[in-house]
Amino acid sequence: MRENHLHRIFQDSSPRLKGVSGPGDDCAVLIPPAGRKLLQTVDQVIGGVHVELDAEPQLYAQKLLRRTISDLAAAGATPWAASWTIATPPQWSAARVRALAKAFLASAAEFKMAVAGGDCSQASVPVLTCTALGLANGRIPGRAGAKPGDVVLVSGKLGGAVRSGRHLCPEPRLAMGKALVEDYSPHAMMDLSDGLASDLPRILTASDCGADLDLEHLPLHAELPPERAGWESAVGEGEDYELLIVCSGRSAKRALQDCRFRGIGLTAVGRITDLGKLRWLHRGKVKRLKSRGWDYHWGSET
Ligand SMILES: [Mg+2]
C-alpha cells in the first residue's frame with residue numbers, strides 16, 4: 001500500500017532530466033552526457049543517530065539529500081540524479097511518509113537533480129539512504145595527493161553545527177568546490193562531516209604525510225567561545241559540511257584572493273609536513289587537544 005502510494009508521488013512529481021529514465025521500472029537507465037565523468041556517493045540518515053528520532057520528516061529528507069551531495073561538492077561535481085531507500089517505523093502514518101517523500105523530491109528539485117528511483121520498507125527506527133550521482137570534468141581530487149609544503153584551507157566557519165541546528169540543513173559547497181577544482185587544481189579535497197580532527201587524518205593517511213594546523217587561524221562560528229573551547233568545538237565536532245582543501249602554496253595564494261569565495265569564506269589554517277603526524281599549534285607552540293573527532297550520539301548514553 002505504502003509502496004503504491006510512494007510510487008505515485010514519484011511518478012507524478014519527479015523532475016525529468018535528459019539521460020535519466022526515472023522511477024517506474026526495475027532499473028533506471030542513465031546516459032551521462034558524452035565526455036563527462038560520472039561520480040557516485042552514498043550516505044544515510046538514521047533516526048536517533050543523525051537526527052533526533054522525532055524530527056519532522058522534512059528534516060530527515062533535507063539532511064539526507066544535502067549531506068549526500070556535500071560529497072559531490074568535495075569532488076567539484078555537479079549533482080545530476082539521486083535514488084534513495086527509506087525504512088520507516090510502522091507507527092508512521094501514511095501522511096508522514098508522504099511528507100517525507102515530497103520533501104525529498106523538493107530537495108532534489110532545489111539542486112536540479114532527477115530522482116531515478118527508490119525503495120521503501122519498515123524498521124523500528126527511520127533508516128534512510130541516498131545514492132547521488134554527479135557529473136564532472138577534468139581531474140577529480142581525492143584524498144591521496146597532499147604533498148609536504150602544501151597549504152591546508154577550509155571553507156566557511158567551523159564548530160557548533162549540532163547545537164545551533166545548522167546540521168539539519170547543511171549547505172553543500174557545490175559552486176565553490178567546482179570553482180576550486182576547475183581553477184586551482186587541489187591536490188586533495190574532502191568535506192568536513194566528522195570534524196577536522198577526524199577528517200584531516202584521512203587525507204594525511206591516504207597521502208602518507210603530516211600537517212601543522214594553526215589554532216589561532218581556525219575560522220570559528222561567531223557564537224563559539226574564543227580560544228580552547230572554541231577550538232575544541234571547531235576541530236572535534238562534526239557536521240559542518242565545509243570543504244577541506246589541500247593545494248600548492250601558489251594556488252592557495254590565488255584562491256585566497258578570489259572574490260567568488262568572499263561570501264562563504266576561505267581560510268588557510270595550516271600546512272602539510274613530512275613529519276608523519278598531525279600537530280595543533282598555537283602561535284608556533286604545540287598544543288594538546290582532547291578532540292578526537294565527532295561521534296554521532298543521539299539516542300545513546302555513551
Ligand atoms: Mg565526505
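The values are calculated or read from the model by the stated rules, or taken from the named source; none is laboratory data. Since this is a predicted model, take the numbers as computed values, not measurements. When we count neighbours, we look across all protein chains shown, and the Cβ atoms used for this are built from the backbone with ideal geometry, even at glycine.
Points worth noting:
- Filtering the range 85-114 to residues that are at negative phi and not hydrophobic (A, V, I, L, M, F, W, C) leaves Thr85, Thr88, Pro89, Pro90, Gln91, Ser93, Arg96, Arg98, Lys102, Ser107, Glu110.
- Test: Ala81 is farther than 17 Å from Leu243 by Cα and out of contact with any Gly (no Cβ under 8 Å at 6 or more places or on another chain): yes
- Checked against the criteria, Ile86 counts as surrounded by 17 or more Cβ atoms within 10 Å (Cβ to Cβ), more than 23 Å from Asp240 (Cα to Cα) and either within 16 Å of the ligand (Cβ to nearest atom) or not assigned by TED's automatic domain parsing to the domain that holds Val246 (or both).
- Residue check, Ala132 of a type outside the set (Phe, Trp, Tyr), buried (at least 24 other Cβ atoms within 10 Å of the Cβ) and within 19 Å of Ile31 (Cα to Cα): yes
- Single match in Thr78, Thr85 (criterion: closer than 29 Å to Gly142 by Cα and touching a Ser or Thr at 6+ places or on another chain (Cβ under 7 Å)): Thr85
- Test: Asp214 is at pLDDT 95 or above and either hydrophobic (A, V, I, L, M, F, W, C) or touching a Phe, Trp or Tyr at 6+ places or on another chain (Cβ under 9 Å) (or both): yes
- Candidates Gly276, Gly238 - the one that is in contact (Cβ under 8 Å) with a residue 40 or more places away in the chain, more than 18 Å from Glu182 (Cα to Cα) and surrounded by fewer than 17 Cβ atoms within 10 Å (Cβ to Cβ): Gly276
- Of all residues in the range 26-55, those satisfying the criterion of being among the acidic types (Asp, Glu) and free of Cβ contacts under 8 Å to residues at least 40 places away in the same chain are Asp26, Asp54.
- Count of the range 38-61 residues which are in a loop (DSSP other than H, G, I, E, B) and in contact with a Phe, Trp or Tyr (Cβ under 9 Å, 6 or more places away or on another chain): 5
- When residues in the range 64-81 are screened for being within 16 Å of the ligand (Cβ to nearest atom) and either part of a strand (DSSP E or B) or among the charged types (D, E, K, R) (or both), 4 of them pass.
- Here is the figure for the range 98-126: residues that are within 22 Å of Asp26 (Cα to Cα) and touching a residue at least 60 places away in the same chain (Cβ under 8 Å) total 12.
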